[in-house]
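Just below is one structure, and these are the notes that go with it.
No value in this document is a laboratory result; all are computed from the given coordinates. Nothing here was measured: the structure is a model prediction, and the numbers come from that model. Glycine also receives a Cβ, built like all others from the backbone with ideal geometry; neighbour counts cover every protein chain displayed.
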Amino acid sequence: MPSRMSSTWLVLILSLLLGTQPITTDLYLPALPSMMEVFGAPVSQAQLTLTSLLLAFGTSQLVWGPMSDRFGRRPILLWGLGAYTAASVGCALAASLPMLLLWRVVQGAAMGAAVMCARAVVRDLFTPENGARVLSKGLSGLGVIACLSAPLGGFLTDTLGWRYALGALVVFGAAAWLTVAFRFTETVTVRNPQALQPATLFSTWLAIIRHPTFLTWSALSTASYAGLFTFLATSSFVFIKTLGVTRTQYGLLMFTMCVVYLTGTFMCRRLLPRHGLRRTAAIAGAISLTGGTLLGVLAWAGVYTVWAIMLPYCVFMLAHGVHQPLGQSGAVGPFPRAAGAASALNGFLMMLTAFVAGGWVGMRLDDTVFALTNGVWFWSVCIALVCWVLVPRYGVPRQVQA
């Protein structure tokens with residue numbers, strides 16, 4: 001590994017890059033009800049501040065991925081993180097909901113460069129199974145950032161106001177940019193000068209999207225993330241408005257969830273050497289289904305308490321900490337020469353599904369818990385089907401030269 005980027009620095013950089021996603025979504029969740037009261041906006045418009053960000057995040061990766069294959073990961077990271085920091089300033093100072101939505105779109109598009117490059121960097125340096133272990137370390141760092149995000153957002157909102165919660169992202173973006181500028185060494189050894197040519201781009205995407213291993217692992221990462229996003233899109237309203245917890249208490253509940261997710265990433269690293277990719281996915285699929293089913297059954301039985309939601313969902317999140325390293329690294333694994341494009345397509349599918357899930361919960365979010373519980377239950381069934389039906393058949397990556 002290059003001298004300027006030891007394994008310790010690599011994990012730290014991966015943690016910061018991957019962590020842009022949870023800090024951008026989780027930190028502002030406790031502030032969301034207050035923001036909507038200030039702007040006089042209904043719940044459906046409140047959801048747009050999250051879904052529009054994620055749609056821009058997913059779509060932008062289709063551009064950032066081929067660009068990183070053409071120009072390298074480092075310049076794309078510097079451009080993306082610079083734009084992310086500038087957009088964070090715009091969000092904190094937004095004077096109206098339309099302006100906030102505009103800056104959130106820019107922020108999401110810029111965020112795509114960071115997360116996409118992180119997954120591609122892992123494929124640049126490691127084989128798929130080793131990459132899953134390394135990515136799980138980066139996702140452990142993501143878990144730490146996620147653990148701190150919601151409590152910090154709740155504290156800043158309660159003490160200083162929601163603009164300060166959004167302003168914290170400016171500091172994070174600047175810190176990530178400086179770390180990449182001074183510590184990241186380019187990982188693309190041979191750039192692809194044809195990566196942005198339309199014919200090459202189309203053939204590359206076609207080869208990726210038709211590959212059964214890519215589709216299998218992308219289905220896993222997508223279904224698992226959709227279960228998380230369903231919770232993120234509904235939880236602040238369910239806990240604060242329906243169940244009556246304070247914003248600070250809500251932040252602590254999110255902290256608990258993130259600690260469990262962090263534990264799941266450690267569990268992933270313990271399971272992989274013992275059981276391999278496919279059996280590890282099967283074990284985690286059983287855990288996902290257990291958590292989702294318990295969550296749904298308790299809600300339909302009329303048990304509407306904080307812990308009737310949090311305890312089953314923490315079981316779901318334990319498995320989420322396993323599914324994401326497996327899914328994200330497995331999807332990119334067959335494409336060493338097009339890791340950027342494969343990472344971009346994987347990210348796009350995840351965010352497109354999250355956008356659709358956000359629209360679904362936005363129409364069904366009311367004074368009950370069912371938009372949250374039914375949504376997570378549905379995605380837990382999807383995860384189990386992928387882990388038990390598709391992964392055993394298509395889960396071993398077959399390398400191609402796309």
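Here the calculated FRET efficiency for LEU160 and ILE283, from their Cβ-Cβ distance with R0 = 30 Å, stands at 0.10, rounded to the nearest 0.05.
Secondary-structure-derived ellipticity at 222 nm for the chain, considering helices only, amounts to -28500 deg cm²/dmol, per-run term -39500 (n - 2.57) for DSSP H runs with n ≥ 4.
In terms of surrounding Cβ atoms within a 10 Å radius of their Cβ, HIS323, HIS211 rank from fewest to most as HIS211, HIS323.
Taken along the Cα-to-beta-carbon direction at a fixed 7 Å, the label points for ARG274 and THR127 span 2.2 nm. Go ahead and run the numbers for FRET between THR189 and TYR304, Cβ-Cβ distance against an R0 of 51 Å, rounding to 0.05. In this case the efficiency is close to 0.35.
Charging the Cβ of each Asp and Glu at -1 and of each Lys and Arg at +1, and nothing else, the dipole of the chain about its Cα centre rounds to 1160 debye.
With a Förster radius of 30 Å applied to the C-beta separation of VAL63 and ALA175, the computed FRET efficiency comes to 0.75.
Among complete DSSP H helices in the chain, those whose alpha-carbon atoms stretch at least 27 Å along the helix's long axis and whose mean Kyte-Doolittle hydropathy reaches -0.5 are 7-26, 43-71, 73-93, 97-125, 128-159, 162-183, 212-236, 247-300, 306-332, 339-364.
When the Cα gyration tensor is reduced to axis lengths a ≥ b ≥ c, the ratio a/c is 1.5 or higher for the chain, and with a/b not above b/c it is classed as oblate.
When ILE240, ILE76 are sorted by how many other C-beta atoms sit within 10 angstrom of their C-beta, beginning with the fewest, the order is ILE240, ILE76. Our summary gives the chain a relative contact order of 28 percent, counting only alpha carbon pairs under 8 angstrom and 6 or more residues apart. Here is the short version for the chain: CYS91, CYS117, CYS268, CYS314, CYS382, CYS387 have no other Cys C-beta closer than 4.7 Å. Along the chain, counting only trypsin sites (Lys or Arg not before Pro) with a DSSP assignment other than H, G, I, E or B and at most 11 other Cβ atoms inside a 10 Å radius, the longest segment between sites is 5-209. For region 147-294, the gyration tensor built on C-alpha atoms gives an oblate shape. Its axis ratio a/c (a ≥ b ≥ c) is at least 1.5, and a/b is not larger than b/c.
Segment THR263..THR8, full-extension length gain: 89.8 nm, with 0.36 nm per residue of separation and the alpha-carbon distance subtracted.
Using 0.36 nm per residue and subtracting the Cα-Cα separation, the extra length available between ILE209 and SER96 on full extension is 36.7 nm. Computed from label points 7 Å out along Cα-Cβ, the spacing between GLN197 and ARG393 is 3.6 nm.
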